[in-house]
1. Restricting the search to segment 86-96, which residues are within 27 Å of D128 (Cβ to Cβ) and either open to solvent by less than 100 Å² (accessible area, probe 1.4 Å) or in a helix (DSSP H, G or I) (or both)?
2. Name the single residue, out of those in segment 1-26 being open to solvent by less than 50 Å² (accessible area, probe 1.4 Å) and not aromatic (F, W, Y), that is modelled with the lowest pLDDT.
3. Within the group R72, R38, which residue is part of a helix (DSSP H, G or I), at pLDDT 95 or above, surrounded by 10 or more Cβ atoms within 10 Å (Cβ to Cβ) and basic (K, R)?
4. Name the one entry in A15, A101, A10 that is in contact with a Pro (Cβ under 8 Å, 6 or more places away or on another chain) and assigned to a loop (DSSP other than H, G, I, E, B).
5. Among the residues in segment 43-50, are any among the polar types (S, T, N, Q) and either open to solvent by less than 80 Å² (accessible area, probe 1.4 Å) or over 37 Å from the mean Cα position of the chain (by Cα) (or both)?
6. Mind telling me which of the residues W46, W37, W58 ends up being within 30 Å of D6 (Cβ to Cβ) and among the aromatic types (F, W, Y)?
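The values are calculated or read from the model by the stated rules, or taken from the named source; none is laboratory data. Keep in mind that what you see is a predicted model, and the values were worked out from it rather than measured. Positions of Cβ are backbone-derived with ideal geometry, glycine not excepted, and every protein chain shown enters the neighbour counts. Only protein heavy atoms, including side chains, enter the accessible area calculation; ligands, DNA and RNA are left aside. Shrake-Rupley method; radii C 1.70, N 1.55, O 1.52, S 1.80 Å.
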Amino acid sequence: MSALDDEAPAYGSPAWRALPSTDPRRAVALITSAEQWRRHTARETWLDHLADEDPEEWFRIVTADANAYARRIAPTLARRPTHAEVTARRAVRMQPREVVASPGWPPVAIPGRPGWWRHHGPRGEQLDLPHNRPQETPR
């Protein structure tokens, strides 16, 4: 079994720097990194040439990953409500409700009318009064 059978750490990583200079895994990481750089620069050169010669093909290639991702998430996005649908739902939920005082509960402040409270009257009617003292209940 040789040292090359072990996984070589990434070039320049702390694990790579910790290896002794005679460790063959340092050379493996260096060669692997150089090959990756060669492939990267070759692809960039090819894409630059393609952008000049065939811009439509260049655009198809550079957007292929984004298009594949869009195709993958499209079904999920199609099930989500649109902005207009969410706004319409919020409008329905945000309809003002009438303030109703309940028997046995304290008076309720009336929105938009500071200093006024809605009371549950002695005969079950709703009374708007300028105080929040509970009403006497009939005996």
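1. Once the filter is applied, which keeps residues that are within 27 Å of D128 (Cβ to Cβ) and either open to solvent by less than 100 Å² (accessible area, probe 1.4 Å) or in a helix (DSSP H, G or I) (or both), segment 86-96 yields only R93.
2. Ranking the qualifying residues of segment 1-26, first place goes to A3.
3. From the options R72, R38, the qualifying one is R38.
4. A101
5. No, there is no match, as no residue in segment 43-50 is among the polar types (S, T, N, Q) and either open to solvent by less than 80 Å² (accessible area, probe 1.4 Å) or over 37 Å from the mean Cα position of the chain (by Cα) (or both).
6. Answer to the check: W37.
This table checks each residue for (1) touching a strand residue (DSSP E or B) at 6+ places or on another chain (Cβ under 8 Å); (2) within 12 Å of N132 (Cα to Cα); (3) of a type outside the set (S, T, N, Q); (4) open to solvent by less than 100 Å² (accessible area, probe 1.4 Å).
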residue: A84; (1), (2), (3), (4): no, no, yes, yes
residue: E98; (1), (2), (3), (4): no, no, yes, no
residue: P106; (1), (2), (3), (4): no, yes, yes, yes
residue: A109; (1), (2), (3), (4): yes, yes, yes, yes
residue: P114; (1), (2), (3), (4): no, yes, yes, no
